[in-house]
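Report on one structure; see the data block that follows.
The values are calculated or read from the model by the stated rules, or taken from the named source; none is laboratory data. Model, not experiment: these values are computed from the prediction. Every residue, glycine as well, gets a Cβ built from its backbone with ideal geometry; the counts of neighbours run over all protein chains shown. Quick note on the areas: whole protein, heavy atoms, side chains included, nothing else; ligands and nucleic acids left out. Shrake-Rupley method; radii C 1.70, N 1.55, O 1.52, S 1.80 Å.
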Amino acid sequence: MMLVPYLLLGAVLFSLGLIGFVTRRNLIIMFLCTEMMFQGIIVNLVALGRYPLHGQPTLDGQVFALFLIAVAAAEAALGLALVVLLYRYRGTLDAGAWSALKDE
Amino acid sequence: MPSLLILSLVLGAIGLFLVMPGGRTGRARVGLVTLAAAGGALAAGLCAGQDGRGLFAGCALVALFAAVRVITHKRPVYSALYFVLLVVAVAALLLLMDAEFLAAALIIIYAGAILVTYIFVIMLAQQSRPAPYDAKAREPFWGCLAGFALLALLAVRLFSGTAAMPATVLAGTVEGVGTRLLTEYVIGIQLAGLLLLAALVGAIAIARRRPANEMLPEGDE
């Protein structure tokens, strides 16, 4: 049974991306960590399509992973455009420079 | 849930906390050893007594090593390069799952297009020396604790009873994926094209806006 190792690997990649997103302070690295979470989800989708719980293997997981890649590309373009804009405002990539809205 | 996996989760949490940027070099070295032990325990737990899992374990360990380096490296360019290694390892895993087309698409789109955009932006906003916000992580203890708590929850659920079933062969994925995309999911692919177009226009509209108090290091306009 190969499904569980792949799902576990996807979960580990997602968690590592989450940890990186929470702990790093560089805006670019934070976006890179969201891409890492996407990698974990892609592994999950393809594994569930390849080793389904019921019935025959299908290709739907791969098709959904392709749509996910398209969404990731759109997200990267918009996110990096925002990062460039924020860098122009403050001259730094530190996420802490934008904490004016923080509730404290 | 096998005890080796619990051991590897605990070791991984401790090791990741130790290698987070901000600590001393000796601490990072101890953390790397701990992480290697965690990876070994994970590989042993997943492959114990099973044949044909060596390739999977190798690719998975490369992917995990690259992922840890992405979130702990102090230089953003190296983080991006380790992300390329992660994408290649994930593509190899997809090949093991007979998803040839998706593996090629992943490398072309992620390593070829998205990562190049990241490297452009990193170059654009490059600091002359390592920036202080890269050298120190924000709340590494609570971040690692929360992430590994989520991971432990997922792992416990994963190992709490799944039925074993034979894996059947899935042939001709390029043809199959193409047929699926252009028949069953044709609306979806049109929408994906629309989404990409909207993102393109939006990115241009956002990035060309000029702030009043521009603070670029060298005024190049």
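If the condition is being open to solvent by less than 30 Å² (accessible area, probe 1.4 Å) and modelled with pLDDT under 85, then segment B:43-75 contributes B:ALA43, B:GLY45, B:LEU46, B:ARG53. Against the conditions (1) under 18 Å from the mean Cα position of the chain (by Cα); (2) buried (at least 18 other Cβ atoms within 10 Å of the Cβ), B:TYR78 satisfies every one except (2).
Applying a threshold of 7 Å to beta carbon distances and a minimum spacing of six or more residues, or different chains, the list of pairs starting in segment B:172-196 at a residue that is over 24 Å from B:ILE114 (Cβ atoms) and ending at one that is assigned to a loop (DSSP other than H, G, I, E, B) and at pLDDT 85 or above reads B:GLY176/A:LEU59. Considering only segment B:80-90, I want to know if a residue exists there that is assigned to a helix (DSSP H, G or I) and in contact (Cβ under 8 Å) with a residue 60 or more places away in the chain. Within segment B:80-90, none of the residues are assigned to a helix (DSSP H, G or I) and in contact (Cβ under 8 Å) with a residue 60 or more places away in the chain.
Does A:VAL22 count as within 7 Å of chain B (Cβ to nearest Cβ), surrounded by fewer than 22 Cβ atoms within 10 Å (Cβ to Cβ) and modelled with pLDDT of 90 or more? Talk me through it step by step, then tell me what you get.
Working: within 7 Å of chain B (Cβ to nearest Cβ): yes; surrounded by fewer than 22 Cβ atoms within 10 Å (Cβ to Cβ): yes; modelled with pLDDT of 90 or more: yes.
Yes, satisfied.
State whether the residues of segment B:20-33 include one that is without any contact (Cβ under 8 Å) to a residue 40 or more places away in the chain and buried (at least 23 other Cβ atoms within 10 Å of the Cβ). Scanning segment B:20-33, I find no residue that is without any contact (Cβ under 8 Å) to a residue 40 or more places away in the chain and buried (at least 23 other Cβ atoms within 10 Å of the Cβ), so the answer is no.
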